[in-house]
Structure formats: structure tokens, C-alpha cells
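Structure, as C-alpha cells:
The values are calculated or read from the model by the stated rules, or taken from the named source; none is laboratory data. Keep in mind that what you see is a predicted model, and the values were worked out from it rather than measured. Reconstructed Cβ throughout: ideal geometry from the backbone, glycine too, with neighbour counts over all protein chains shown. For accessibility, only protein heavy atoms count, side chains too; no ligands or nucleic acids. Shrake-Rupley method; radii C 1.70, N 1.55, O 1.52, S 1.80 Å.
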Amino acid sequence: MYHDLPRSTRFWLFLLAVDLDLAETTRKQGCPCGGRLHSANYLRKPRGTPVQLPKEQRLRLSFCCDRDGCRKRVTPPSVRFLGPKVFLGPIVILISAMRQGPSPRRVRELFARFRANRRTIARWQVFWREHFPQTPFWKRARARLVPLVEIVTLPYSLVDFFLARHHRCRGWTLLLRFLSPITIPGALRIEISQ
Ligand SMILES: [Zn+2]
């Protein structure tokens, strides 16, 4: 069913455009200290992208405060980069989802194409099953998904939720936008209540 990402360059360009919008919103808000934010992007080296991504698409958009004594780095949410992982967010979601999917052959093909090894994928599984459901983001956001999404089959259940309702490119974009709040540094911290 949802065994692949859109391969067209247009899809990845569109994700970049969404990231630019998210970045612009962050820039306009400025630094919490009141300072202005200047562009301070950094280059990532994502692995296993389905299309060869040009340099501007490998940039993690980011800012630095211009005020002396602050100089804080402020990184906006992203639909392309999921935390510090070396794989692009969509790939992490897709491969993890396929582990719960129907066809072992498909999974082998994905492993081969994205050059992700089993240990990496096992770590992603732990992330989706155990860490992600504990995040403040998920606890708030899951109420917005009706019907409810099953935790035991994350992230497949999330992919299914968005792609069953929308055309493929649009479904992926909505899913990545939904998840984008977890991509800013510190957003995956878990609150442990005593
Ligand atoms: Zn500042």
C-alpha cells in the first residue's frame, strides 16, 4: 500500500518550501531575549535519499540571535529532518512503518535502497514504540486524530491515518507537518512525573 515515498524532485522541493515557511515564522517571532534572528543554516549529510538532493536541500534551516551576550541558536521545526538522525524524517517514518507492513520482500528492498542497517532500524522501532508515545507532543496531539491512532503499530498507524485520507504527496506532507513540532531541539524530551 504505502510502500514508497514520492520519488519526484517536486515532492522534495515542496518539503523544502514548507520548511522555508516554518523557518520564516520562527524568524519573525525573533529570539526570546528580544534580539533579531539571523540565518545560520547548517549542512546535513542525509543518507539514502530517494533522489540525489542538491546542496540547498540538505541544509537544516536555523538561526542565531544577533544580540551580544545571547547569540542563542534557534532552530525551527522541519518536515525534512527528524532530530539529529542521519536519515531524512520521511525515510525514518517509512522504513519503521514498513516493519509492521505486509511484505518482507518490500522491507528488504527498502533496506537495500536506503542503506539502513538492521540495528539502525531496530533503534527507530524503539523510538516510535517506546519513546515517541511518551513525548508531551504526542500526548497533546493524539487527541486531534479521529479515529484514534493505535500506539502499538506506530508509525504505521500514523502513515495509514494520513495516506488513507489523502493523495500520496499531500498525505505525506500533512503527516510530516503534523510531526514537525518534534523536530526542534529538545522537543523529544520526556517529562517524567513523580
Ligand atoms: Zn537572543
Karplus ³J(HN,Hα) for the range 132-145 (6.51 cos²θ - 1.76 cosθ + 1.60, θ = phi - 60°; Hz, whole; x = Gly/Pro) runs 3, x, 8, 6, x, 4, 5, 4, 7, 6, 5, 5, 7, 9
Give, in nm to one decimal, the length gained when the segment between residue 39 and residue 144 is fully stretched (0.36 nm per residue of separation minus the Cα-Cα distance).
34.5 nm
Kyte-Doolittle mean at least -0.5 and Cα extent at least 18 Å along the axis: which DSSP H helices of the chain qualify?
9-29
Each residue of the range 53-63 in order: what ³J(HN,Hα) in whole Hz does its phi give by Karplus 6.51 cos²θ - 1.76 cosθ + 1.60, θ = phi - 60°, with x for Gly and Pro?
8, x, 3, 4, 7, 9, 7, 8, 5, 7, 9
The range 55-162: C-alpha pair distances exceeding 17 Å, %:
62 percent
Using Cα pairs under 8 angstrom and six or more residues apart, how large is the relative contact order of the chain, in percent?
23 percent
Would you calculate, for the chain, the mean residue ellipticity at 222 nm contributed by helices, counting each DSSP H stretch of 4 or more residues as -39,500 (n - 2.57) and dividing by all residues, to the nearest 500?
-12000 deg cm²/dmol
Carbon and sulfur %, accessible surface of the chain computed with the full protein complex present, 1.4 Å:
53 percent
Set Lys and Arg Cβ to +1 and Asp and Glu Cβ to -1, take the dipole of the range 127-194 about its Cα centre, and tell me which of 136, 169, 151 lies farthest positive.
169
Taking 1 over the mean of 1/r across every pair of different Cα atoms in the range 2-46, what Kirkwood radius in Å do you get?
12.9 Å
